[in-house]
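A quick write-up on the structure given underneath.
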Amino acid sequence: GGVLRGDEMESAIHVTALPKVFRWLVAACKKFDVQLIATTHSLEAVDAVIEGMEEASNLVAYRLESKRGKIAANRIAGDLLRRMRFDRGLEVR
């Protein structure tokens, strides 16, 4: 059990390898009971993580937005995130 934090984890990974790498990472986190907290500006990384999750209920995204000089964190549940990206083609990064 533990927490793995990563900032821009996709920065050293070729875009074509992202799905495989993130599937492996998610599987390793599940195996060792580790919570993964990652940041990204990459839409390809977001898509790879969504694709790598067997259960969308285990995924949560937060989108940070500036509103009236304050930072607001909007929570997006995994199933909604999947629909936003793959059904509606929306930008979520």
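Mind listing whichever residues of the stretch 7-41 are over 18 Å from Gly78 (Cβ atoms) and open to solvent by less than 30 Å² (accessible area, probe 1.4 Å)? Glu10, Ala28 - these are the residues of the stretch 7-41 that are over 18 Å from Gly78 (Cβ atoms) and open to solvent by less than 30 Å² (accessible area, probe 1.4 Å).
Please indicate, with yes or no, whether at least one residue in the stretch 69-77 is of a type in the set (A, V, I, L, M, F, W, C) and modelled with pLDDT under 90. No - not one qualifying residue is present in the stretch 69-77.
Within the stretch 52-84, the residues that satisfy the criterion of being touching a residue at least 24 places away in the same chain (Cβ under 8 Å) and under 10 Å from the mean Cα position of the chain (by Cα) are Gly52, Met53, Ala61, Gly78, Leu81.
Scanning the stretch 63-75 for any residue that is closer than 18 Å to Ile37 by Cβ and surrounded by 15 or more Cβ atoms within 10 Å (Cβ to Cβ) turns up nothing.
Among the residues of the stretch 46-57, which ones are of a type outside the set (Ser, Thr, Tyr) and either open to solvent by 90 Å² or more (accessible area, probe 1.4 Å) or out of contact with any Gly (no Cβ under 7 Å at 6 or more places or on another chain) (or both)? Val46, Asp47, Ala48, Val49, Ile50, Glu51, Gly52, Glu54, Glu55 - these are the residues of the stretch 46-57 that are of a type outside the set (Ser, Thr, Tyr) and either open to solvent by 90 Å² or more (accessible area, probe 1.4 Å) or out of contact with any Gly (no Cβ under 7 Å at 6 or more places or on another chain) (or both).
The values are calculated or read from the model by the stated rules, or taken from the named source; none is laboratory data. In this text, all values refer to a predicted model and were calculated from it rather than measured experimentally. As a convention, Cβ positions derive from the backbone with ideal geometry for all residues, glycine included, and neighbour counts pool all protein chains shown. These area figures cover heavy atoms from the full protein model, side chains too; ligands, DNA and RNA do not enter into them. Shrake-Rupley method; radii C 1.70, N 1.55, O 1.52, S 1.80 Å.
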